[in-house]
Each structure stands twice: as C-alpha cells, then as structure tokens.
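*Asks:* Got a structure for you, written out below as structure tokens; questions coming shortly.
The values are calculated or read from the model by the stated rules, or taken from the named source; none is laboratory data. Please read all numbers here as calculations on a predicted model, not as lab measurements. Note: ideal-geometry Cβ built from the backbone for every residue, glycine included; neighbour counts use all protein chains shown.
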Amino acid sequence: MKQFLNIKNLSVSVDEKLIINNLNLKINKGEIHAIMGPNGSGKSTLSNVLAGKNGYNVTNGDILFCKENLLDFSPDERANKGIFLAFQYPVEIPGVTNINFIKTAMESNREFQGLDPLKPGDFLKLIKEKAELLGIPEDRLKRQLNVGFSGGEKKRNEALQLMMLNPSLAILDETDSGLDVDAFKIVADAINSTRSKDNSMLIITHYQRLLERIQPDIVHVFVNGSIIESGGPELANEIEKNGYERFSNG
Amino acid sequence: MKLKKMVMKDLVMVNFLSSEKLDQSFDNLSSFMDERVEAYTNFKNIGIPSKRNERWKYTDLKNDIRGIDFSLCKTLIEIKKASSDKIDISQIDYFNKNKSDYLKPTKHLNDEAVIYLNLSYSNLFRGITIKESPEKPILVNIDSSGEGMSFPRFIFNIYPNVNVEIHFFIRGGKGFINQLIEFNIDNNSTVNIFRVNESTSIHSETFMTYLSTNSNLFLTNLSLPKNKSRFQAFNSFNEEHSSSVFKSVSIPYEGCKDDFLVYNNHIGSSCESNVGMRSILEKGVECSFQALIDIENKVKNSKAEQDCRAILLDEKASMNAKPEMKIFNNDVVCKHGTTIGSLNKDQIFYLNSRGLSKSRAEKILLQGIISEYIPENSPLRNFLPENYK
C-alpha cells in the first residue's frame, strides 16, 4: 500500500513542557486510523501540529506527507496539499457568510491544484446537495460563519466543509462531541460516505460509537504523548468497556 | 498666571472670529439678529474646546485650527431628490421663522461651543421639510475647497408617518468645516441615513436629533477622513417607543484622526438606542469612541447598547474608547463592550487551515468586520477602499 503520512520520532513541546514524546505513526492511502486516549494525552496537540498551528515547538522528528516534510509548509500550504482539520471548537467569523467562505476555500484549493473555479451553478448545486445530506437548512449557508451556531451546528458545518473540500487526509478532532444522537448518525454517515481508496482519515475520539459508523483500519491508544498500543477495532471496544486503566498502568 | 494666559488665548481666537474680515463675507447675513448674538455670546463664554474639556479630551480643536485663515472658504452644497418627491428645500433666514421649529432645547447644548459657533456664523443654511415618504433617497453633497472656514447648517423637519433615506457625502477643503445638522422626527417616522466622510478639511460635525413617539433614526457611517475629523451626535428620545441605531466604520487615512461621539438621552419610556463602531487602524492613525447612555429618572423599560471594536494593524495606530452610562432607575437593559487589539490568531489559523494564505485570511477577517455594518447590499459599499470591498 502507498505510504501517505509518516510521522517519525516526533516530539513537541508547549512552553517547554513535552506534550508529544517520540511519536511514530504511518498512515497509508485509503486507510482510516483512530486515536483514542484520555484527556490531556496530547491528541489535539497532534492534530494542531499536523495542521501547522503556531505555538507548538517541534523539538525532534519529521512529518512526511506524500514524501514531503510537512513541517516545511505553512498551514495554508498544508491545507492546499490536502490536509483538513475538522476543529474540536470551530471559531466564529463575524461578517463572513458561510457559503462565501466555503466558496473561497474551494477556489483557493482548486487554484493550488491548477484547476479553474467551479461554475457558480455547479458550486451551488454541490453545496446544496451536501448540506441536505447533513441536514443543514439552506438559510444556514447564508448565515455568518459559525456565528450563533450551536455546538452541533458547528460540527455539522465542519463536516460540510470536509465534504466540499474532499481532502486527501482528514483529521477529525472529536467531531462527534456536541452532537445529539440523530445528528451524530447523520454526520458520521456523511463523513463515512467520503471514504475512498485515495483518501485517508485520522479520527480523534473518546467514543467507540463513532468507530461503529466509520470503521477504522487501525486503532491507536495514545497516552502521555505516545502511541502505546495499536490494534484493530476490537481495541476501541475494550476501551469502551474498561476505560484506559490498563494502558495508564502499563 | 496660567489661567490668565488661557483666557487671553480664547479672547484672541474669538476676536479673530468676529473680525471685520469674517463679517464682510457674510453678505446674506449682514443683519446680526438677537439669536445670533446670543449664540455668539455663549460661544465666547465657553471658548473653543480643548482637550481639557472632558467631552473633547480626544480632540484638540483649539490646537488643530490655530493656523487656519479666519475667512470663509468656498463650500458647495448640492441637494438632489427625485422630481416627483414632495420635499421643500429652502435657503431660509431662520431668524424670521418660528424658532421653536428649529433648535430645540437640550441639556447637551450647555457646553457645546462648536454648536454655538455654527449658530453664530452659519453661512450655508438649508431647511428641508419632508411631508411625504420620498420614492428615492435624498442626496446631500457637501464639498468645500480652498482654505478658511465654513459653517453649513441643515434642519430636517420630518412630518409624521414618513420614511426617508438620506445620503450625505462630505468631501474637500483645506480649512475648518463646522457643520450642524438637526433632525426633528415626528411621530411614526423613520429616517435612514448613510454618510460618507472623505473630508480633507479639519471637520467637526454635529447631529442633533429630536425623536417623537414611535420614531426611528438609523445611521450608517463610513468615515475615511484625510485629516482630523470629529463626528458627534446628541439624540434626545423625547417621547415613548422611539429608537436609534448608529453604526460607524472608521478607516482613516495615514496619520489622520477620527473621533466618534454619540450621546443618547432617554427622556421618554420604552426607547431603544444602539451605538457601535468598527475601526481599522494603521500607519499612525488615531481614533476615539465616546458614547453615553443617559437614562433619566422615571423613564421605564429602556434598552441601550454600546459596542466598539477596533483592530490595530500596527504599533503606531491607537484607539481610545470611553463608554459611559448614567442610569437613574432600575427598569433598564443595557449592554456595553469594547475590544481593541490585533486580529484574532485563532480566526486566522481557521482560515489558513482551509487553504487561505495569511494575507488573504487577514483581508477576509477585516472585510468581515466591515460587513457587519456595511453588508454587500449597502449603498456605502462602493465607497469602501478597494482592499475592503
């Protein structure tokens, strides 16, 4: 299988505190990996470092994405190369309408890939189609980006962006949190529908229920900034049943 | 000794203003009527405002106009309306009219020297009476040229049950423009104002508004001054269920200054006032936001908000904010908030993470801040600097 993302001996600190400690992780094209771990284990730090957020000091290691060192690129370059972070806490952007923002982001991605922008009619058709899949009413597309959205509405909107941008590697940082039972099913199934042999996903979650709907190829247990055990979906079942005690003590 | 010096300076200034040179230029105002003299006396007693005056603490008018020639500069006033609209526009001698139609008493007047100065010398005076809702907006262009001073004055008398949109464009000049605009808004009427300020003069503009029952005043202001500029508004909510919303976007040119002051005086019950400012500041620009919510005793069910947000794009720009509330009863809902700082890093990262470069992300965020007040369908949109459209 073609290697896609290769994290080698990665150590990251914030304010001189080591958060990620000598992490190694390989994701092949078309694979879905899940990371589960207790609060404060460094899962969100990993997603932010992959997306290129400032404030994280990479003290050691490399992150290779399609054979290029991701650390050499700015956040926007990473996004245009196909990395997408679905935020745990999406920010509000007043004055910018949701639909215009998504259109601008798509144009930027397509420009980077040397493609012409979608025709307005084609874009509208596509976004309405995806919004309907996610149960997002049309008027919410015209509202200001995430402004006044509930936690669940924000997560649906992250899923909409994911579906519109169709990235090579989607990092889902607790996308399932804040969703009610019905919304959870809709969002999980919509994300699952984007699965393909060309795209990969890294799912960060606390709950096995998400992994029932988006079945991962590999589950990793993340404790104190390192992967301490990897396995199949059964590992998620064990965590759901017994928690992290075995891994914390080990 | 110091006090004596100040008084002397004030007198020197006043003597200049009353000099023969200035008087001679008032051809159409040769008769110095009692009211003009009274206003002049008030002005003389107060003196030109300086930063020592709390309300003028961010505007050093005394210093700013020191070098200006005390003669009248040429000012063009153009008022356009649809020919079918029934609007009476008159160049009138207000001293021969019923004074009570015009300058109504307000407690804000007590120490406003620039208003008295305008009342003393108002050389360009227009009375605009609107009896029915016009089909099209009224356009008011005020364009001065050359050096010197000018004192335009407008009075808008809005009859009951009228909806009117008024666009003001302020441009030109090298001197000092002291402009006074009064709005008397009768019952159940709504005035919607769009204002563009591109003045190259030192500009001081005062709105005085008297709101009757169920009347509304909306102002959207785009201030792009190319000199020192001050806009001040005194809104008196005289009767019940009147409201106003003032929204101002300020993007002064390099090294320029823009002050925005709105005092809302709730005299009638169940009135609402809302004042907000959005500023984008860089390259030595200085801006100020002063707002007062004044809710009198026995006034019930008032709602009022103040909201100021300024983005400082470099270390040379500065913003002063002074929100104030004077509330004398408990039946009130008031909110105020001020945010001054650089662009939010989390917002920039969010946009970056969708493939937008840092400069593109910053531009989108700034456009977003402006769009809160000047959305795509606003008549002010075309006047925005190219970067922010």
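*Asks:* Given the conditions (1) within 26 Å of A:R195 (Cβ to Cβ); (2) surrounded by 19 or more Cβ atoms within 10 Å (Cβ to Cβ); (3) within 14 Å of chain B (Cβ to nearest Cβ), and given that A:K43 satisfies all but one, which numbered condition is not satisfied?
*Replies:* (3)
*Asks:* Please go through segment A:65-104 and pick out each residue that is farther than 22 Å from A:P137 by Cα and β-branched (V, I, T).
*Replies:* Matches in segment A:65-104: A:I83 only.
*Asks:* If I ask for residues that are part of a strand (DSSP E or B), more than 8 Å from every other protein chain (Cβ to nearest Cβ) and more than 24 Å from A:E174 (Cα to Cα), which ones from segment A:79-118 would you list?
*Replies:* A:T97
*Asks:* Here is a follow-up. Out of curiosity, is A:D176 surrounded by 22 or more Cβ atoms within 10 Å (Cβ to Cβ) and more than 14 Å from chain B (Cβ to nearest Cβ)?
*Replies:* Here the answer is yes, as A:D176 does meet what is asked.
*Asks:* Do the conditions hold for B:L356, that is, is it surrounded by 13 or more Cβ atoms within 10 Å (Cβ to Cβ) and touching a Leu at 6+ places or on another chain (Cβ under 9 Å)?
*Replies:* Values: surrounded by 13 or more Cβ atoms within 10 Å (Cβ to Cβ): yes; touching a Leu at 6+ places or on another chain (Cβ under 9 Å): no.
Here the answer is no, as B:L356 does not meet what is asked.
*Asks:* Checking B:I370 against (1) of a type in the set (V, I, T); (2) surrounded by fewer than 20 Cβ atoms within 10 Å (Cβ to Cβ); (3) within 12 Å of chain A (Cβ to nearest Cβ), which test does it fail?
*Replies:* (2)
This table checks each residue for (1) closer than 23 Å to A:K43 by Cα; (2) within 14 Å of chain B (Cβ to nearest Cβ); (3) touching a helix residue (DSSP H, G or I) at 6+ places or on another chain (Cβ under 7 Å); (4) modelled with pLDDT under 90.
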{"residue": "A:L145", "(1), (2), (3), (4)": "no, yes, yes, no"}
{"residue": "A:R156", "(1), (2), (3), (4)": "yes, no, yes, no"}
{"residue": "A:V181", "(1), (2), (3), (4)": "no, no, no, yes"}
{"residue": "A:I186", "(1), (2), (3), (4)": "no, no, no, yes"}
{"residue": "A:A190", "(1), (2), (3), (4)": "no, no, yes, yes"}
{"residue": "A:S200", "(1), (2), (3), (4)": "yes, no, no, no"}
{"residue": "A:Y207", "(1), (2), (3), (4)": "yes, no, no, yes"}
{"residue": "A:I214", "(1), (2), (3), (4)": "yes, no, yes, no"}
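*Asks:* Here's a follow-up. Please determine whether any residue of segment B:316-327 is within 14 Å of chain A (Cβ to nearest Cβ) and under 22 Å from the mean Cα position of the chain (by Cα).
*Replies:* Here is the first cut: in segment B:316-327, the residues within 14 Å of chain A (Cβ to nearest Cβ) are none.
No, every residue in segment B:316-327 fails to be within 14 Å of chain A (Cβ to nearest Cβ) and under 22 Å from the mean Cα position of the chain (by Cα).
*Asks:* Within segment B:119-135, track down each residue that is closer than 28 Å to B:N187 by Cα, touching a strand residue (DSSP E or B) at 6+ places or on another chain (Cβ under 8 Å) and not small (G, A, S).
*Replies:* Restricting attention to segment B:119-135, the residues satisfying the condition of being closer than 28 Å to B:N187 by Cα are B:119, B:125-135.
Next cut, touching a strand residue (DSSP E or B) at 6+ places or on another chain (Cβ under 8 Å) only: B:119, B:125-131, B:133-134.
Correct list: B:L119, B:F125, B:R126, B:I128, B:T129, B:I130, B:K131, B:P134.
*Asks:* Collect the residues in segment B:78-94 that are surrounded by 18 or more Cβ atoms within 10 Å (Cβ to Cβ) and touching a residue at least 60 places away in the same chain (Cβ under 8 Å), keeping them in residue-number order.
*Replies:* Passing the criteria: only B:Y94.
*Asks:* Considering only residues of segment A:54-75 that are crowded, with 19+ Cβ neighbours inside 10 Å and within 14 Å of another protein chain (Cβ to nearest Cβ), which is nearest to A:S200 (Cα to Cα)? Lay out the reasoning, then the answer.
*Replies:* Within segment A:54-75, the first condition is being crowded, with 19+ Cβ neighbours inside 10 Å, and the residues that meet it are A:63, A:65, A:70, A:75.
If we keep only those that are within 14 Å of another protein chain (Cβ to nearest Cβ) too, we end up with A:70, A:75.
On the way: A:L70: 16, A:P75: 19 Å.
Residue satisfying both the conditions and the ranking: A:L70.
Residue by residue, here is whether (1) out of contact with any strand residue (DSSP E or B) (no Cβ under 9 Å at 6 or more places or on another chain); (2) touching a residue at least 12 places away in the same chain (Cβ under 8 Å); (3) under 26 Å from B:D64 (Cβ atoms); (4) buried (at least 19 other Cβ atoms within 10 Å of the Cβ) holds:
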residue: B:R153; (1), (2), (3), (4): no, yes, yes, yes
residue: B:P160; (1), (2), (3), (4): yes, yes, no, no
residue: B:V164; (1), (2), (3), (4): no, yes, no, yes
residue: B:S199; (1), (2), (3), (4): no, yes, yes, yes
residue: B:M208; (1), (2), (3), (4): no, yes, yes, yes
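*Asks:* So, in segment B:114-150, how many residues would count as being at pLDDT 90 or above and not hydroxyl-bearing (S, T, Y)?
*Replies:* Residues in segment B:114-150 being at pLDDT 90 or above and not hydroxyl-bearing (S, T, Y): 16 in total.
*Asks:* Among the numbered criteria (1) without any contact (Cβ under 8 Å) to a residue 60 or more places away in the chain; (2) in a loop (DSSP other than H, G, I, E, B); (3) polar (S, T, N, Q); (4) closer than 20 Å to A:I227 by Cα, which one does A:S41 miss?
*Replies:* (1)
The rows are residues; the columns are (1) of a type in the set (S, T, Y); (2) out of contact with any Lys or Arg (no Cβ under 9 Å at 6 or more places or on another chain); (3) modelled with pLDDT of 70 or more.
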| position | (1), (2), (3) |
| --- | --- |
| B:S84 | yes, no, yes |
| B:I87 | no, no, yes |
| B:D93 | no, yes, no |
| B:K104 | no, yes, no |
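*Asks:* Let me ask something else about it. How many residues does segment A:120-143 contain that are surrounded by fewer than 16 Cβ atoms within 10 Å (Cβ to Cβ) and either closer than 18 Å to A:E107 by Cα or within 14 Å of chain B (Cβ to nearest Cβ) (or both)?
*Replies:* 8
*Asks:* Whether any residue in segment A:84-98 is hydroxyl-bearing (S, T, Y) and farther than 27 Å from A:F4 by Cα is what I want to check.
*Replies:* Of the residues in segment A:84-98, the ones hydroxyl-bearing (S, T, Y) are A:89, A:97.
Next cut, farther than 27 Å from A:F4 by Cα only: A:97.
Scanning segment A:84-98, I find at least one residue that is hydroxyl-bearing (S, T, Y) and farther than 27 Å from A:F4 by Cα, so the answer is yes.
*Asks:* Being part of a helix (DSSP H, G or I), free of Cβ contacts under 8 Å to residues at least 40 places away in the same chain and of a type outside the set (G, A, S) narrows it down to one residue among A:L160, A:L126; which is it?
*Replies:* Details: A:L160 fails: free of Cβ contacts under 8 Å to residues at least 40 places away in the same chain.
The match here is A:L126.
Residue by residue, here is whether (1) farther than 30 Å from B:E296 by Cβ; (2) away from chain A (no Cβ under 14 Å); (3) without any contact (Cβ under 8 Å) to a residue 60 or more places away in the chain; (4) buried (at least 18 other Cβ atoms within 10 Å of the Cβ) holds:
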{"residue": "B:V333", "(1), (2), (3), (4)": "no, yes, yes, no"}
{"residue": "B:H336", "(1), (2), (3), (4)": "no, yes, yes, no"}
{"residue": "B:N344", "(1), (2), (3), (4)": "yes, no, yes, no"}
{"residue": "B:I348", "(1), (2), (3), (4)": "yes, no, yes, yes"}
{"residue": "B:E362", "(1), (2), (3), (4)": "yes, no, yes, yes"}
{"residue": "B:E376", "(1), (2), (3), (4)": "yes, no, yes, no"}
